[in-house]
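Notes to accompany the following structure.
The values are calculated or read from the model by the stated rules, or taken from the named source; none is laboratory data. Just so it is clear, the model here is predicted, and its values are computed rather than measured. Using ideal geometry, Cβ is built from the backbone for each residue, glycine included, and neighbour counts are taken over all protein chains shown.
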Amino acid sequence: MARARGVRLEGDVVSKTLEFIDNSAPNIKPSMQRDVEAGRPSELESLIGIVARLGRQTRVPTPVMSLAYGMLKPGDLKAS
């Protein structure tokens, strides 16, 4: 989708991201997960919802982000 929106990414962005994840502490929790567990509103819209919306606008499929958004939205609404 980055390409469709004119955004240039480094060629190794995926490998660097996966390396970061692989080297993270095994018990680390993202802030969005901590928010959901605490019953607080999360950054769902700005981190996942936006990707799904921009994908629809640019006609780039984002099935994983769309699925994640659909699964997490009810919990986010409950916390609001």
Restricting attention to the stretch 1-52, report how many residues are in a helix (DSSP H, G or I) and either closer than 17 Å to ASP76 by Cα or among the hydroxyl-bearing types (Ser, Thr, Tyr) (or both).
18
Cβ pairs under 6 Å, 6+ apart, first in the stretch 31-47 and in contact (Cβ under 8 Å) with a residue 12 or more places away in the chain and closer than 21 Å to SER66 by Cα, second β-branched (Val, Ile, Thr) and surrounded by 14 or more Cβ atoms within 10 Å (Cβ to Cβ):
SER42/VAL36
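This table checks each residue for (1) at pLDDT 90 or above; (2) more than 16 Å from ALA2 (Cα to Cα); (3) surrounded by fewer than 12 Cβ atoms within 10 Å (Cβ to Cβ).
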{"residue": "ASP35", "(1), (2), (3)": "no, yes, no"}
{"residue": "PRO41", "(1), (2), (3)": "no, yes, no"}
{"residue": "LEU47", "(1), (2), (3)": "yes, no, no"}
{"residue": "VAL51", "(1), (2), (3)": "yes, no, no"}
{"residue": "VAL60", "(1), (2), (3)": "yes, no, no"}
{"residue": "LEU67", "(1), (2), (3)": "yes, yes, no"}
{"residue": "MET71", "(1), (2), (3)": "yes, yes, yes"}
{"residue": "LEU77", "(1), (2), (3)": "no, yes, yes"}
Could you please let me know if PRO74 is part of a loop (DSSP other than H, G, I, E, B) and free of Cβ contacts under 8 Å to residues at least 60 places away in the same chain?
no
